[in-house]
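The values are calculated or read from the model by the stated rules, or taken from the named source; none is laboratory data. Just so you know, these numbers come straight off a predicted model, no measurement behind them. Every residue, glycine among them, receives a Cβ derived from its backbone with ideal geometry; neighbour counts consider all protein chains shown.
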C-alpha cells in the first residue's frame, strides 16, 4: 500500500422527519431533521471537533445541509461549508413521498429488483427515458471524487450527505461493484473514514465504515426483518511482533500486555451484546483474544478452525521489512503493490488464503443460520484473514487486499438479513473507538 495522503471523513445526515415515518425521500426536499436528528448531529460535531478539517462539502438538501451546519458550528477554525449537487441523494422520482409499504404494494417487481439486483434497477419515466438510479448515482460519486480530490491533496476533507450517495462514494472510491449497493450500511450520523493515496483511481483504504459509538450505539442495530446470523469479526490484540513490525504469519506469537488490554476493551465493548456462539483461529493470539471477550459470556464455548490461521509468510516470518528486502530484493514492494501476484517463499499466496478463509466463513454462516431467532457470534482471526473475508463480502478480489484496514482488537459487524444464501451487509468495519476513544484507528501499523 502506498503512503496515505488525503483523509476523507463521511457523515450521513441525522434522522429526518421522513426517516422517522419510513417515507422514501430521494431528492425530495420536504424532509427536515427531527429533534433526535439535531441532537445526533451535535454529538457527531463534538466527536469531530478536535480534528483539523481543511475542506467541508455537503448536499444542498435540507436534512443534510442542516446536519452539516450543526457540525460546522462545533468545529474549531472550520473551513467554509460548500454545498454541491454532486452530493445529492439518489434520484427515485416515482417513489418519493411514498411509504416503503406503499412502494412494496404498488411496485412489487421493481422493488424486488431494487433489493436483489440494485445495479439493474430502473425507472421508466416516460416512453423514451429509462433511469437507472444506482448506476447514475455511482457515476455522480465518481464525478465528485474527480473534481474534489485534486484540490485537497494531503488534506482532511469532511463530507455530510445521504445514505445512497455516501454508499456510492465509498464504493466508487474503492472499486466495490454497484451490485453491492445494499451491502454497505450508513446509519444516521454514522461516520466513515477513507484514506486516499493520491487522485481518484489510485489506491484507497477503508479505515472505518459506519462508526456509531459516538452516538451511544456501540454497533449498528439489526435491519428488520432479520433472518440470518450476525457475525462480529474481531482481529486479535497486539503482539510484540506487531509492535516491532515483524512478520508473524503462522509463528504462534502470544498477545503482549497491550494486546491483552485490547482484548479486555473489546470484551467490555461487546459485553452487553448477547453472544450465542464463538469461533476463532486456533493460534494463541486470536484464541486468547476470544477467551478474554468470552469472560463476559460464560455460557458460550469457543470453537476453533485451522482454516482461519494467518497467512503463512514462509521464510519472511520473524523478519523486519529491511531484512526481507535484503534477502528477497523487490518482493516486499511487489507484496505492497500487487499482493495477489506474490508467492511467499516456502509459504502461501493470497489466493490460497482466500480459498480457505472463505470456505471457513461459509461453513460458520451455514452452521449458525439454522434455528428460530437469528443468532449472534464472534469470529476472532488475523489481519490477512479478516481483510480477505471483508473483500469477499464486498464483491472485491485479492488485488483489493490493501483497501481494507484491520486494527488489533478492532470489531467488524456483518449481518445476513435475508438468509445465509443472501448477500451480507457490512454494518460497520474496523471499529476501534473502544481502544482509543477517538474516531481514527491508532493501533500498531505492524506487519501481518
Suppose the filter is out of contact with any helix residue (DSSP H, G or I) (no Cβ under 8 Å at 6 or more places or on another chain) and exposed (fewer than 15 other Cβ atoms within 10 Å of the Cβ); does residue 99 pass it?
no
Can you pull out every residue in segment 40-59 that is assigned to a loop (DSSP other than H, G, I, E, B) and either touching a strand residue (DSSP E or B) at 6+ places or on another chain (Cβ under 8 Å) or at positive phi (or both)?
51, 52, 53, 54, 59
Which of (1) in contact (Cβ under 8 Å) with a residue 40 or more places away in the chain; (2) crowded, with 19+ Cβ neighbours inside 10 Å; (3) assigned to a loop (DSSP other than H, G, I, E, B) is the odd one out, the single condition residue 27 does not satisfy?
(2)
Residue in segment 233-255 that is outside any helix (DSSP H, G or I), more than 26 Å from residue 313 (Cβ to Cβ) and either touching a residue at least 40 places away in the same chain (Cβ under 8 Å) or in the same structural domain as residue 408 (by TED's automatic domain parsing) (or both) present:
no
Exactly one condition in (1) in a helix (DSSP H, G or I); (2) surrounded by fewer than 23 Cβ atoms within 10 Å (Cβ to Cβ) is false for residue 37; which is it?
(2)
What tally of residues in segment 149-180 results from selecting those that are touching a helix residue (DSSP H, G or I) at 6+ places or on another chain (Cβ under 8 Å) and either crowded, with 20+ Cβ neighbours inside 10 Å or without any contact (Cβ under 8 Å) to a residue 24 or more places away in the chain (or both)?
17
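When segment 377-390 is examined, which residues are found to be assigned to a helix (DSSP H, G or I), in contact with a strand residue (DSSP E or B) (Cβ under 8 Å, 6 or more places away or on another chain) and either crowded, with 24+ Cβ neighbours inside 10 Å or not assigned by TED's automatic domain parsing to the domain that holds residue 291 (or both)? Let's see the steps before the verdict.
First, pick out the residues of segment 377-390 that are assigned to a helix (DSSP H, G or I): 383-390.
Going one step further and asking which of them are in contact with a strand residue (DSSP E or B) (Cβ under 8 Å, 6 or more places away or on another chain), we end up with 383, 386-387, 389-390.
386, 387, 389, 390, listed by residue number.
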Kindly indicate whether any position in segment 111-118 is under 25 Å from residue 65 (Cβ atoms) and assigned to a helix (DSSP H, G or I).
no
Of those in segment 391-404 that are assigned to a helix (DSSP H, G or I) and in contact with a strand residue (DSSP E or B) (Cβ under 8 Å, 6 or more places away or on another chain), the residue surrounded by the fewest Cβ atoms within 10 Å (Cβ to Cβ) is 402
Need pairs with beta-carbon distance below 6 Å; first residue closer than 13 Å to residue 230 by Cα and within segment 350-370, second surrounded by 21 or more Cβ atoms within 10 Å (Cβ to Cβ) and modelled with pLDDT of 95 or more; sequence gap 6+ or separate chains.
361/389; 364/279
When segment 116-130 is checked residue by residue, the ones that are surrounded by 14 or more Cβ atoms within 10 Å (Cβ to Cβ) and within 21 Å of residue 23 (Cα to Cα) are 116, 118, 121, 122, 123
Candidate set from segment 104-119 (those that are within 15 Å of residue 92 (Cβ to Cβ) and free of Cβ contacts under 8 Å to residues at least 12 places away in the same chain); member that is farthest from the chain's Cα centre (by Cα)
106
Any idea which residue in segment 1-15 is surrounded by the fewest Cβ atoms within 10 Å (Cβ to Cβ), counting only those that are over 17 Å from residue 212 (Cβ atoms) and modelled with pLDDT of 95 or more?
7
